[in-house]
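First comes the structure, then the notes that go with it.
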């Protein structure tokens with residue numbers, strides 16, 4: 001956070017991983033992000049694609065970057081910290097947790113194409129309940145405990161596991177055989193995933209989804225297999241808004257709580273005027289919502305001097321724009337095709 005010597009508003013777009021079919025990715029040179037990229041600065045987030053035990057989603061990597069905690073990444077794994085955020089209980093350092101997601105596999109000629117179930121293809125609450133009723137007992141037979149949270153599943157592992165993984169959105173960008181869990185205990189995880197795939201093959205949920213023209217939830221993906229080994233800290237963090245368990249857990253680990261789960265730009269403007277830095281997690285489902293609800297109003301707030309710097313984390317990029325850089329009005333917008341990799 002040292003570079004932010006003036007008041008800053010940080011907007012982190014949750015689950016914005018690249019998907020050409022997503023309405024969130026219908027971005028062109030007319031978008032506010034394209035304007036911010038040309039007027040200010042755009043850079044790839046460092047270590048966004050790292051495969052390790054403490055695997056993180058892209059937005060989580062961005063959050064650690066914004067908070068100046070990137071160096072502590074290995075101590076802040078996604079699953080274990082999310083479990084803290086949802087339960088309010090700090091898991092022992094000996095307790096290993098993993099994320100579990102139902103995904104879609106489609107066999108091809110030489111590999112298997114995989115896709116996360118998101119947007120219109122996302123599981124319903126009924127789907128999740130019926131699938132959990134099948135997968136939970138099977139996991140328990142191997143000593144694993146399925147914990148069905150509000151919006152995601154996590155698994156308590158029976159022992160310490162040495163496994164390196166990637167979250168689905170990053171794993172599925174490469175050939176699946178290259179993205180599978182690796183490490184000393186990877187075989188156990190792969191076995192579990194294969195067994196669950198067999199259970200899902202002719203599941204009633206998938207029969208119902210097929211009738212609705214939806215992709216089958218015919219496989220599972222386990223990732224971020226690690227324990228929370230870091231001690232509770234009293235080091236202060238800036239004001240933050242949102243309802244994602246991972247960031248909630250991170251704040252609880254720093255003896256703090258996040259601000260309101262429900263908020264709008266007016267709330268962020270007030271916070272930015274009172275704090276040197278404000279962080280907001282948003283999850284728009286389309287570029288129109290990202291633009292209309294967040295980017296355009298915040299761009300106007302920057303122009304009017306409510307804060308001095310606007311920073312946006314979107315997918316694997318960090319966009320930064322200072323108020324004085326708005327004077328570079330002659331610069332042409334920078335479309336996504338020209339964003340640095």
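Give the residues of segment 234-252 that are touching a helix residue (DSSP H, G or I) at 6+ places or on another chain (Cβ under 9 Å) and over 18 Å from residue 83 (Cβ atoms), sorted by residue number.
Passing the criteria: 237, 238, 239, 240, 241.
Can you tell which of 98, 66, 71 is touching a strand residue (DSSP E or B) at 6+ places or on another chain (Cβ under 9 Å) and more than 22 Å from residue 191 (Cβ to Cβ)?
Values: 98 fails: more than 22 Å from residue 191 (Cβ to Cβ); 71 fails: touching a strand residue (DSSP E or B) at 6+ places or on another chain (Cβ under 9 Å).
Just a single option satisfies the conditions, and that option is 66.
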query = Just checking, which of 307, 299, 319 is touching a helix residue (DSSP H, G or I) at 6+ places or on another chain (Cβ under 6 Å), part of a strand (DSSP E or B), assigned by TED's automatic domain parsing to the domain that holds residue 43 and at negative phi?
reply = 319
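State whether one or more residues within segment 197-219 are under 24 Å from residue 95 (Cα atoms) and either in contact (Cβ under 8 Å) with a residue 60 or more places away in the chain or not in a helix (DSSP H, G or I) (or both). It would help to see each step written out before you state the result.
The initial filter retains those residues of segment 197-219 that are under 24 Å from residue 95 (Cα atoms), namely none.
So far as segment 197-219 goes, no, none of its residues is under 24 Å from residue 95 (Cα atoms) and either in contact (Cβ under 8 Å) with a residue 60 or more places away in the chain or not in a helix (DSSP H, G or I) (or both).
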ask   = Applying the selection to segment 115-147, what residues are outside any helix (DSSP H, G or I), within 22 Å of the chain's Cα centre (by Cα) and either at pLDDT below 95 or surrounded by fewer than 14 Cβ atoms within 10 Å (Cβ to Cβ) (or both)?
value = 115, 116, 117, 118, 122, 124
ask   = Counting only residues that are exposed (fewer than 15 other Cβ atoms within 10 Å of the Cβ) and either farther than 17 Å from residue 247 by Cα or touching a residue at least 40 places away in the same chain (Cβ under 8 Å) (or both), how many does segment 78-114 have?
value = 12
task = Would you be able to say whether some residue in segment 42-54 is out of contact with any helix residue (DSSP H, G or I) (no Cβ under 7 Å at 6 or more places or on another chain), free of Cβ contacts under 8 Å to residues at least 40 places away in the same chain, surrounded by 15 or more Cβ atoms within 10 Å (Cβ to Cβ) and not assigned by TED's automatic domain parsing to the domain that holds residue 238?
result = no
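One residue is enough: does segment 70-77 have a residue meeting the conditions in the same structural domain as residue 236 (by TED's automatic domain parsing), within 18 Å of residue 15 (Cα to Cα), within 14 Å of the chain's Cα centre (by Cα) and buried (at least 23 other Cβ atoms within 10 Å of the Cβ)? Break it down stepwise before answering.
Of segment 70-77, the ones in the same structural domain as residue 236 (by TED's automatic domain parsing) are 70-77.
Next cut, within 18 Å of residue 15 (Cα to Cα) only: 77.
Among the residues that remain, those that are also within 14 Å of the chain's Cα centre (by Cα) are: 77.
Subset that is buried (at least 23 other Cβ atoms within 10 Å of the Cβ): 77.
The answer is yes, given that some residue of segment 70-77 is in the same structural domain as residue 236 (by TED's automatic domain parsing), within 18 Å of residue 15 (Cα to Cα), within 14 Å of the chain's Cα centre (by Cα) and buried (at least 23 other Cβ atoms within 10 Å of the Cβ).
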ask   = Any chance segment 98-106 includes a residue that's at pLDDT below 95, outside any helix (DSSP H, G or I) and assigned by TED's automatic domain parsing to the domain that holds residue 186?
value = yes
ask   = Among the residues of segment 274-283, is there at least one that is under 23 Å from residue 16 (Cβ atoms), assigned to a loop (DSSP other than H, G, I, E, B), touching a strand residue (DSSP E or B) at 6+ places or on another chain (Cβ under 8 Å) and touching a residue at least 60 places away in the same chain (Cβ under 8 Å)?
value = yes
inquiry  = Name the residue that is surrounded by the most Cβ atoms within 10 Å (Cβ to Cβ), counting only residues in segment 12-33 that are at pLDDT 90 or above and not in a loop (DSSP other than H, G, I, E, B).
reply    = 12
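Quick one: in segment 148-165, which of the residues that are part of a loop (DSSP other than H, G, I, E, B) and at pLDDT 95 or above is nearest to the chain's Cα centre (by Cα)? Walk me through it before giving the result.
Residues of segment 148-165 that are part of a loop (DSSP other than H, G, I, E, B), as a first pass: 149-152, 157-163.
Add one more test, that the residue is at pLDDT 95 or above, and what stays is 157-163.
Working: 157: 22, 158: 26, 159: 26, 160: 24, 161: 23, 162: 22, 163: 20 Å.
Residue satisfying both the conditions and the ranking: 163.
Please go through segment 166-186 and give me each residue that is part of a loop (DSSP other than H, G, I, E, B) and buried (at least 19 other Cβ atoms within 10 Å of the Cβ), ordered by number.
First, pick out the residues of segment 166-186 that are part of a loop (DSSP other than H, G, I, E, B): 166-167, 172-175, 180-181, 183-185.
Once the filter is applied, which keeps residues that are part of a loop (DSSP other than H, G, I, E, B) and buried (at least 19 other Cβ atoms within 10 Å of the Cβ), segment 166-186 yields 166, 167, 172, 181.
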query = If we scan segment 86-102, do we find a residue that is closer than 28 Å to residue 175 by Cα and more than 19 Å from the chain's Cα centre (by Cα)?
reply = yes
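The values are calculated or read from the model by the stated rules, or taken from the named source; none is laboratory data. For clarity, every value in this text was computed on a predicted model and none was experimentally measured. Don't worry about glycine lacking a Cβ; one is built from the backbone with ideal geometry, like all the others, and counts go over all protein chains shown.
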